[in-house]
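The values are calculated or read from the model by the stated rules, or taken from the named source; none is laboratory data. Here the structure is a predicted model, which is why all the values come from computation and not from measurement. Cβ placement follows ideal geometry from the backbone for every residue including glycine, while neighbour counts extend to all protein chains displayed.
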């Protein structure tokens, strides 16, 4: 669609800044677009300095905090978990025996306690 030619606004005052088109319609003036200041260039980040190796001595087994040590489950907890593992193994006809169930139950309980 072609643009309409602009009409002369020489005789109009600042109060009456509306324009009249060729077909006689009066339209309000278009608001002036605000100019934005030029954007400042982005600052480059300095690369992080390499971390220095720790000077701490490796901890011995006696010096480990209690939270990082694996918690040993009780025999009753292992027995109960092994029972359910054996039930599942029999139901699904999986290979194994009660010793494997006991070892797997103990491993699962230690892993869960570590979380």
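Descriptive notes on the structure:
- Residue pairs whose Cβ atoms lie under 9 Å apart, sitting 6 or more positions apart in sequence or on different chains, and linking a residue in segment 90-115 that is on the phi > 0 side of the Ramachandran plot and without any contact (Cβ under 8 Å) to a residue 12 or more places away in the chain to a partner that is assigned to a helix (DSSP H, G or I) and surrounded by 12 or more Cβ atoms within 10 Å (Cβ to Cβ), are 96/85; 96/86; 96/89; 96/104.
- In segment 68-88, the residue that is modelled with the highest pLDDT out of those that are in a loop (DSSP other than H, G, I, E, B), under 37 Å from the mean Cα position of the chain (by Cα) and surrounded by fewer than 14 Cβ atoms within 10 Å (Cβ to Cβ) is 72.
- When segment 89-113 is filtered for residues that are buried (at least 17 other Cβ atoms within 10 Å of the Cβ) and within 23 Å of residue 72 (Cα to Cα), the ones remaining, listed by number, are 101, 102, 104, 105, 106, 109.
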